[in-house]
Amino acid sequence: MSARILITGGAGFIGTHLAKHLVDGGYTVYLVDSFVRGVRDRDLELLLSKQQATFSTIDLLDREAVLSLGRDFEVIFHLAAIVGVAHVMERPYETLVDNVKMIDNVIALAQKQTRFARLFFASSSEVYAGTLKYFQLPLPTPECTALAVTPLEEARTSYMLSKIVGEAMCQQADLPFTIFRPHNVYGPRMGMVHIIPEQLRKIWEAVPDTEVGVYSSDHRRSFCYIDDAVEMLKKMLETDSCVGKTLNLGNESPEITIRKVAQTCIDVTGKKLTIKALPPTPGSPERRAPDMKQCQKILNYQPKVGLAEGISKTWAWYCQQIFEGSGPTAR
């Protein structure tokens, strides 16, 4: 397949991995990013050295600039957003307003394409947080779960709302779409404000025979390595029955405690350290795991990379590129 694909947030974590995977599969990709969080590092430069990959720096809040991208895209992956708990807590109003503005501009672009086939919208597992707080959330959680909203005065709610509104806009825009809700996707190049790279940084800096702090240690998650995530996205692209669907993106099992994740990080690094349990992060859900039955039935795909293997690959990349190499990292 030779579809021309636009990826917003193309310098970001999922964007660059997805672009590489699609280019390797014979697609032509056009990446755009503002570099508010993403970085132009060796991985991105290597991707852009390939003929099928092109890049432009653009502010997705600028509608005129977005519409100037052209009319010959068949597929758009909209991955750009203000994400990460730390960033959301610092600027909740901007998170809500800017994330909605970006998807609005991208939908306007999609509506002007001459042979448009699909809009992919990166939602979030955070959309389930209100149901978990107030009702009986099924775990693992299927996509058909009714959504409730956490208190509007809480800063973290702004991110959830921006994703729920984005999903509704895709549903009402009269465009072919697929919404996907990532659940704890991890791996190289994801910056330093997420659970696994944050723990790896603490372990790197720790003196042997000391403690490393772990927030929300008893909370439970299921994790999905980036290679599995982008393979599932590619299969969604190539599967017509995904049109009009909302799908979880992740790994249903094992659902494990953050303490065990931290211990796996320690084991992978080989350092002699112990864990010190720290208080829960405000707003962090006690459990989160996606029901992947619908996705697996449609895509006929099971994640292949286990947690220890994935953390080992992530540790090796961060050591080479960030901890020892002092390279740039996403914020």
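The values are calculated or read from the model by the stated rules, or taken from the named source; none is laboratory data. All of these numbers come straight from a predicted model, not from anything done at the bench. FYI the Cβ positions are ideal-geometry reconstructions off the backbone, even for glycines, and counts take in every protein chain you see. These area figures cover heavy atoms from the full protein model, side chains too; ligands, DNA and RNA do not enter into them. Shrake-Rupley method; radii C 1.70, N 1.55, O 1.52, S 1.80 Å.
Only residues that are among the small types (Gly, Ala, Ser) and assigned to a helix (DSSP H, G or I): list them for the range 5-44, please. Explain how you work it out, then say what you get.
Residues of the range 5-44 among the small types (Gly, Ala, Ser): 9-12, 15, 19, 25-26, 34, 38.
If the condition is that a residue be among the small types (Gly, Ala, Ser) and assigned to a helix (DSSP H, G or I), then Gly15, Ala19 are the ones that fit.
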| said: Anything in the range 37-74 that is among the small types (Gly, Ala, Ser) and at negative phi? List them, or say none. | reply: Gly38, Ser49, Ala53, Ser56, Ala65, Ser68
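So that you can scan it fast, the table gives a plain yes or no per residue for (1) under 22 Å from Val185 (Cα atoms); (2) of a type outside the set (D, E, K, R); (3) modelled with pLDDT of 95 or more; (4) touching a Lys or Arg at 6+ places or on another chain (Cβ under 8 Å):
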position	(1), (2), (3), (4)
Ala3	no, yes, no, no
Leu6	yes, yes, yes, no
Thr16	yes, yes, yes, yes
His21	yes, yes, yes, yes
Phe35	yes, yes, no, no
Asp41	yes, no, no, yes
| request: Output the number of residues of the range 131-188 satisfying the condition of being within 22 Å of Thr281 (Cβ to Cβ) and in a helix (DSSP H, G or I). | output: 12
| message | Condition check: open to solvent by 30 Å² or more (accessible area, probe 1.4 Å), touching a residue at least 60 places away in the same chain (Cβ under 8 Å) and either farther than 20 Å from Ile14 by Cβ or aromatic (Phe, Trp, Tyr) (or both). Does Thr329 satisfy that? | response | no
| query | In this structure, does Ile311 turn out to be open to solvent by less than 40 Å² (accessible area, probe 1.4 Å) and either of a type in the set (A, V, I, L, M, F, W, C) or over 27 Å from Thr246 (Cβ atoms) (or both)? | reply | yes
| query | Arg156 is checked against (1) modelled with pLDDT under 95; (2) within 19 Å of Pro92 (Cβ to Cβ); (3) open to solvent by 50 Å² or more (accessible area, probe 1.4 Å) and fails just one. What number does that condition carry? | reply | (3)
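For the range 104-125, does any single residue satisfy the condition of being in contact with a Cys (Cβ under 6 Å, 6 or more places away or on another chain) and at negative phi? Break it down stepwise before answering.
As a first pass, look at the range 104-125 and keep what is in contact with a Cys (Cβ under 6 Å, 6 or more places away or on another chain): 121.
Of the ones still in play, those that are also at negative phi are 121.
There is at least one residue in the range 104-125 that is in contact with a Cys (Cβ under 6 Å, 6 or more places away or on another chain) and at negative phi.
Yes or no: Ser68 open to solvent by 30 Å² or more (accessible area, probe 1.4 Å), more than 21 Å from the chain's Cα centre (by Cα), farther than 21 Å from Thr314 by Cα and hydroxyl-bearing (Ser, Thr, Tyr)? It would help to see each step written out before you state the result.
Numbers: open to solvent by 30 Å² or more (accessible area, probe 1.4 Å): yes; more than 21 Å from the chain's Cα centre (by Cα): yes; farther than 21 Å from Thr314 by Cα: yes; hydroxyl-bearing (Ser, Thr, Tyr): yes.
Answer is yes for this residue.
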| message | Taking the criterion of being open to solvent by 20 Å² or more (accessible area, probe 1.4 Å), touching a Lys or Arg at 6+ places or on another chain (Cβ under 8 Å) and not hydrophobic (A, V, I, L, M, F, W, C), would at least one residue in the range 118-139 satisfy it? | response | no
| said: Checking the structure you have, find out if any residue of the range 24-34 is farther than 21 Å from Val106 by Cβ and either crowded, with 22+ Cβ neighbours inside 10 Å or hydroxyl-bearing (Ser, Thr, Tyr) (or both). | reply: no
| note | Scanning the range 198-247 residue by residue, those touching a residue at least 12 places away in the same chain (Cβ under 8 Å) and of a type in the set (Val, Ile, Thr) turn out to be Ile203, Thr210, Val212, Val214, Ile226, Val230, Thr239, Val243, Thr246
| query | Within the range 57-97, which residues are without any contact (Cβ under 8 Å) to a residue 60 or more places away in the chain and of a type outside the set (A, V, I, L, M, F, W, C)? | reply | Thr57, Asp59, Asp62, Arg63, Glu64, Ser68, Gly70, Arg71, Glu90, Arg91, Glu94
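Does Asp104 count as within 20 Å of Pro176 (Cα to Cα), part of a helix (DSSP H, G or I), among the charged types (D, E, K, R) and at pLDDT 95 or above? Spell out the reasoning first.
On the way: within 20 Å of Pro176 (Cα to Cα): yes; part of a helix (DSSP H, G or I): yes; among the charged types (D, E, K, R): yes; at pLDDT 95 or above: yes.
Here the answer is yes, as Asp104 does meet what is asked.
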